[in-house]
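I have placed the structure first, in the form of structure tokens, so that the comments after it can refer back to it.
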Amino acid sequence: MSVRLGDTAPNFTADTTQGNINFHEWIGNSWVFFFSHPADFTPVCTTEMGRTSQLAEEFASRNVKPIGLSTDSVDEHNKWISDVNDTQNTELKFPIIADKSLEVSQLYDMIHPNEDSTHAVRSVFIIDPDKKVRLTLTYPMNVGRNFDEILRVIDALQLADAKTVATPADWTPGGEVIIPLSVSDEDAARKYPNGFETIRPYLRTTKL
Ligand code: BEZ
């Protein structure tokens with residue numbers, strides 16, 4: 001089953017390094033960075049786990065809970081976490097799902113058989129507190145994810161929700177934003193205190 005933008009993130013129960021969880025209950029009122037990786041004790045995955053852990057405060061300040069997944073067991077995850085902590089100079093505190101049965105991987109379409117028939121690819125799902133899927137990304141086995149981009153897109157989504165704006169190519173926090181087409185010029189004049197520039201009737205920008 002594929003999971004698409006705007007879908008309710010499929011619920012599941014699973015064993016993790018922090019006990020059995022019901023995913024929706026675990027999400028609670030947080031945003032979620034849900035990411036899969038092919039296997040424990042592999043080099044690229046080790047750096048990704050380390051980076052996620054090092055960014056714990058960045059995730060927490062955005063009300064985002066990270067959760068990992070691979071098709072290895074809780075025992076293997078726990079042994080590997082010691083290695084991640086040693087080699088990446090961190091203390092990993094988020095849960096990792098043990099999906100030996102591939103149940104969750106299949107639910108989220110993380111197994112891409114032409115890439116690998118038993119291991120999950122590097123999927124990312126950003127899920128909001130309403131349990132809606134807001135971003136999906138899929139990386140291949142041999143390319144580590146860019147965590148600046150993960151944080152950037154979370155910032156963009158949260159800003160879009162809070163201020164009714166869209167973000168242009170290569171936007172970073174503090175940069176100019178776009179006024180959505182659904183907002184009339186009249187409403188824009190009221191809504192955006194710094195005014196706005198009309199480059200084309202369909203392309204209006206403002207500073208927040
Ligand atoms: C890695 O994390 O380095 C990796 C995992 C599976 C296949 C290839 C590389």
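Coordinate-derived values only; no laboratory data. Note that the structure is a prediction, hence the values are computed from the model and not measured. Cβ: placed from backbone, ideal geometry, glycine included. Neighbour counts: every protein chain shown.
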In Hz, Karplus ³J(HN,Hα) per residue of segment 102-112 (6.51, -1.76, 1.60; θ = phi - 60°; x = Gly, Pro): 6, 4, 6, 4, 6, 4, 9, 6, 8, 9, 10
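Using just the alpha carbons, could you tell me how many Å³ per residue the convex hull of the chain encloses?
Numbers: hull volume 27.3 nm³, N = 208.
Residue-normalised Cα hull volume stands at 131 Å³.
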Percent of C-alpha pairs per 10 Å bin, segment 64-135, short to long: 18, 43, 34, 6
Hits among lysines - C-alpha to C-alpha of LYS93 under 24 Å, sequence gap 8 or more where chains match: LYS65, LYS79, LYS131
Long-range amide H partners of GLY175 with built H, under 5 Å: none
Over the chain: helical MRE at 222 nm, DSSP H runs n ≥ 4 each giving -39500 (n - 2.57), nearest 500: -9500 deg cm²/dmol
Likely footprinting exposure, ILE67, ILE111, fewest C-beta neighbours within 10 Å first: ILE111, ILE67
Dipole magnitude (debye, nearest 20) for the chain, charges at Cβ of Lys, Arg, Asp, Glu: 700 debye
Residues VAL74, VAL84 arranged by fewest to most Cβ contacts within 10 Å: VAL74, VAL84
Order of ARG51, ARG62 - criterion: other Cβ atoms within 10 Å of each residue's Cβ, fewest first: ARG62, ARG51
Efficiency of FRET from Cβ geometry, GLN106 and LEU5, R₀ 22 Å, rounded to 0.05: 0.65
Listed residues VAL121, VAL44, VAL64, most fluctuating in the chain (Gaussian network, C-alpha, under 10 Å): VAL44
Cα-centre dipole for segment 71-170 with unit charges at Cβ (Lys and Arg positive, Asp and Glu negative), debye to 20: 320 debye
For segment 1-107: rounded, prolate or oblate by the Cα gyration tensor [a/c cutoff 1.5]: oblate
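Of the beta bridges DSSP finds with both residues in the chain, what % are antiparallel, to the nearest 5?
Details: 22 of 32 bridges.
If I count the DSSP bridges inside the chain, around 70 percent turn out antiparallel.
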